[in-house]
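Encoded as structure tokens, the structure appears first; notes follow it.
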Amino acid sequence: GYIVHHVFTGEEALRAITDDSLQIDLILMDIDLGSGIDGTEAAEKILAHQDIPIVFLSSHTEPEVVEKTEKITSYGYVVKNTGTVVLDASIKMALKLFESKQERISAEKGLMEREETFYILFEGSVRPLLLMKDGLFIECNKAALTFLGITDKERFIGSSPIEISPERQPDGRLSSEAAPEFLKKAHNEGFCQFEWMCQRYDGTPFLLEVTLLQITRQGEKLLHVTWYDITERKKAEEEIQKQLSEKEILLKEIHHRIKNSINNIESLITLQADSNTNPDVKAALMDGVSRIHSIYVLYERLLIGEEYLNVSIQTYVESLLDSIVEIYKNNNIKIIRNI
């Protein structure tokens, strides 16, 4: 069941492999090859050129000869005249061993490529990245060291979060004693994110947004830690919030003044209506008062409400109807509402 190519010297065997003219999957190598290089030397030269399974097929049974071949390759040693069954089984076993070896090499190569990619991403990240095990840092990238102002990596590895973040939290966001609680949460839930006020070794305070993500490496659980300095962002957010609060106060003051102005106009027209005896003029003035009061009610809604862009039509209309009834309270008006 095999296509077999025969050569009769070690030199011919080496040439057959190096010129790549034949598709060879396995070599059966004798030891005594006449004049020139013997089988063991030929096998060493072939393996130096190409990784290929070699099975020694020889009449030698001396232990030193067998041991010598085992140091060269470990795909099998078959004594001549042991039968085709043994030889065929040895060939199949050698091919399977070689296939398994190639798969292992491919897997190791893929693993090395992934590790190299991870290392490039890890070290090349501009954000601090760290790995923790059992509450201690076991690895970090250059960005983390630079961020913390640490020049000696050995000083950092093996330390705990409390050691790199002394208890100086001016705004009380998180005390160092709370660190184990967040580590525990990350271990239990697999993810945790929080803010942490810390300081660098030069004493400069800063606020971190810390993310803890649980990962598994070779069966052991680690914490992948990344943080981001949000000190300036927090300052900007606080400034924006301060400005918004000031604008809200100013807006409410504007509404209040407009409301007072409308109230003054309404009072003046009401006085004019009360002092006029002409029913038509009085009715026209009171109609004007009701229209002005509708604006007054609107601004009252804006003043006491939290929403300035939208006003509920239901609450506005209900307040407006109540105010109209109040204006014409002497006319015995009954309102039927279905809003």
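For region 7-37, the set of residues classified as more than 24 Å from Leu97 (Cβ to Cβ) and either in contact with a strand residue (DSSP E or B) (Cβ under 6 Å, 6 or more places away or on another chain) or of a type outside the set (Val, Ile, Thr) (or both) consists of Phe8, Glu11, Glu12, Arg15, Asp19, Ser21, Asp32, Leu33, Gly34, Ser35, Gly36, listed by residue number. In the set (1) over 30 Å from Gln218 (Cα atoms); (2) open to solvent by 100 Å² or more (accessible area, probe 1.4 Å), the condition left unmet by Ser90 is number (2). Among the residues of region 58-72, those identified as over 17 Å from Phe98 (Cα atoms) and assigned to a helix (DSSP H, G or I) are Pro63, Glu64, Val65, Val66, Glu67, Lys68. All of Glu177, Glu237, Glu209 fail the test of being modelled with pLDDT of 75 or more, out of contact with any Lys or Arg (no Cβ under 7 Å at 6 or more places or on another chain) and over 23 Å from Thr146 (Cα atoms), apart from Glu237.
Note on region 23-43: residues that are surrounded by fewer than 16 Cβ atoms within 10 Å (Cβ to Cβ) and under 51 Å from the mean Cα position of the chain (by Cα) amount to 2. Filter region 246-281 down to residues that are over 23 Å from Lys329 (Cα atoms) and among the small types (Gly, Ala, Ser), then give me how many there are. Summing the residues that are over 23 Å from Lys329 (Cα atoms) and among the small types (Gly, Ala, Ser) in region 246-281 gives 1. Among residues of region 312-339 that are in contact (Cβ under 8 Å) with a residue 12 or more places away in the chain, those with a Cβ under 7 angstrom from a residue that is aliphatic (A, V, I, L, M) and open to solvent by 70 Å² or more (accessible area, probe 1.4 Å), sequence gap 6+ or separate chain, pair up as Gln314/Ile339; Val317/Ile339; Glu318/Ile339.
Has region 261-273 got any residue that is modelled with pLDDT under 85 and out of contact with any Ser or Thr (no Cβ under 8 Å at 6 or more places or on another chain)?
No, there is no match, as no residue in region 261-273 is modelled with pLDDT under 85 and out of contact with any Ser or Thr (no Cβ under 8 Å at 6 or more places or on another chain).
The values are calculated or read from the model by the stated rules, or taken from the named source; none is laboratory data. What you are looking at is a predicted structure, and each value in this text was computed from that prediction instead of being measured. Cβ atoms come from the backbone with ideal geometry, glycine included; neighbour counts cover every protein chain shown. In case anyone asks, the SASA skips ligands and DNA or RNA and just uses the protein heavy atoms, side chains included. Shrake-Rupley method; radii C 1.70, N 1.55, O 1.52, S 1.80 Å.
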